[in-house]
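Only the coordinates and a few stated rules stand behind these numbers; no lab work does. Just so we're clear, the structure is a prediction, and the values are computed from it rather than from any experiment. All Cβ positions, glycine included, derive from the backbone under ideal geometry; neighbour counts span all protein chains shown.
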Amino acid sequence: MGKGRIVKIEADWILPITSPPIKDGVMIVNGNVIKAMGIKRELSSFPCDGTIDCSGRILLPGFINAHTHLELTGFRGRIKKGLSFTDWAREVVSIRRGLNGNEITSAIKDGLDELISSGVTTVGDFSQTGITRDILNEKGLKGTVFLEFAGFNPELKDEIIRQLKEKVDKILNPKSKIENRKSKIGIAPHAPYSVSIELLKESHGLAKGKILPMAMHIAEMPEEIEFIKSGSGAIRDLLIEFSVWNDEWKAPNTTPVKYLHTLGILKGTTGIHLNIVTEDDIRILKENDVSVVYCPGSNKWFGRNWK
């Protein structure tokens, strides 16, 4: 539309979200600034340089997809439905090992194109590479790219933190070519069952020191609940299989929410999933200002029917 050019957008309905719907509405914009909004007949005399006719359509703010894994877009059709979470994780790790950088970049672009076609303008993406942020800029979307990592064995901590700091510093460097003020970065320890206590605490300290948001998968499935409570089950088997098991780790015999709260890293964190929580968990989440991102698409994929 061009900065300085005043345009009138007419639609059958406008949904401001913060106020009641407007029938036969019109929005007056100057570049990226909304100058006025209301009923068409009331703004008919507003001086404009042009009109965009959206008859038969609804005008509303762009949608937000608060949790994506855009790097996994290319996995569609390569993993069958009906697998347990741990078998699905095995498939993901196996496929990812065979991907090159160009394939990951292509998958991210395909995923963003799909989001755009669905009306999404803001994204919260978990990324192991961090390159989503650069592509968000190219596509004109906003969002937060959370740098995701895992490492249950504490011996992995120093190298993971080194790599994480390197990515953060590269992105936050004001001279970096990938600087993009429309999008932000955050820190994303994968889950309480896949990240050591030491790595959880140090990454939380990094996020706090850099004033970056933090997000984590929490209380997603029964296997996680079993593992945090007793240290046994399919999650333990998976960690052993991936050669990251820590013999020194002791199961806290509690819920994932209480476990993270005890470690002091829950405050202000965004919790992804939180499918299985107790009343006490809910109280703790509220006290710690935890924003919850519920993922119905994920639950549908795994055939979860929560009561």
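In the chain, the ratio of gyration radius to Kirkwood radius, Rg to Rh, stands at 1.03 when only Cα atoms are counted. With no solvent and one point on each alpha carbon, what is the Debye value of log10 I(q)/I(0) for the range 157-307 at q = 0.12, 0.16, 0.19, 0.21 Å⁻¹? At q = 0.12, 0.16, 0.19, 0.21 Å⁻¹ the computed log10 ratios are -0.56, -0.96, -1.25, -1.40.
For the chain, the residue among SER127, ILE235, ILE211 whose Cα projects farthest onto the positive side of the dipole built from Cβ charges is ILE211. Residues considered: ILE79, ILE284, ILE131. Largest GNM mean-square fluctuation over the chain, using C-alpha springs under 10 Å, is found at ILE79. Under 5 Å from the amide H of LYS35 lie the amide H atoms of ILE28, VAL29, ASN30, each residue being 5 or more positions distant or on a separate chain, with H modelled from the backbone and absent for Pro and chain starts. The 3J(HN,Hα) values that the Karplus relation (6.51, -1.76, 1.60; θ = phi - 60°) gives for the range 152-164 are, in residue order, 6, 7, x, 5, 8, 4, 4, 5, 5, 5, 4, 5, 5 Hz. Gly and Pro appear as x.
Annotation: amide H of LYS184 within the under-5 Å range of GLY143, THR144, VAL145, sequence separation 5 or more or interchain, hydrogens built in the peptide plane. With the convex hull constructed from alpha-carbon coordinates only, the range 6-59 shows a mean projected area of 3.4 nm² over all directions.
Annotation: amide H-H contacts under 5 Å for MET214 (H modelled 1.01 Å from N, sequence separation of 5 or more, or interchain): ILE187, THR270.
A compact globular protein would have a Cα radius of gyration near 2.2 N^0.38 Å; the ratio found for the range 234-280 is 1.37. Per the Debye calculation on the range 1-148 with a single equal scatterer at every Cα and no solvent contribution, log₁₀ I(q)/I(0) for q = 0.12, 0.19 Å⁻¹ amounts to -0.66, -1.09.
Computed about its Cα centre, the charge dipole of the range 63-302 is approximately 780 debye, with only Lys, Arg, Asp and Glu carrying charge at their Cβ. For the range 63-302, averaging the sequence separation of C-alpha pairs within contact (under 8 Å, six or more residues apart) and dividing by the residue count gives a relative contact order of 17 percent. Beta bridges from DSSP with both residues in the chain: antiparallel share about 30 percent, rounded to the nearest 5. So which residue, out of GLU220, GLU42, GLU248, gets the largest mean-square fluctuation from a GNM of the chain using Cα contacts under 10 Å as springs? Largest GNM mean-square fluctuation: GLU42. Our analysis of the range 81-140 gives Rg over Rh at 1.03, with the two radii drawn from alpha carbon positions and Rh computed by the Kirkwood formula. Cut-off 10 angstrom, C-alpha nodes, Gaussian network model of the chain. Which of VAL195, VAL277, VAL33 fluctuates the most? Judging by the Gaussian network model, the answer is VAL33.
Karplus-derived 3J(HN,Hα) values for the range 261-272, using 6.51 cos²θ - 1.76 cosθ + 1.60 with θ = phi - 60°, are 5, 4, 6, x, 10, 8, 4, x, 6, 8, x, 9 Hz; glycine and proline are entered as x. Trypsin sites (Lys or Arg not before Pro) within the range 49-119: which are DSSP loop residues with at most 13 other Cβ atoms inside 10 Å? Qualifying residues, ordered by number: ARG76, ARG78, LYS80, LYS81. Of the trypsin sites (Lys or Arg not before Pro) found in the range 244-298, the ones in coil according to DSSP and having at most 16 other Cβ atoms within 10 Å of their Cβ are LYS250, LYS267. When the P(r) of the range 246-307 is calculated, the portion above 19 Å amounts to 39% of the C-alpha pairs.
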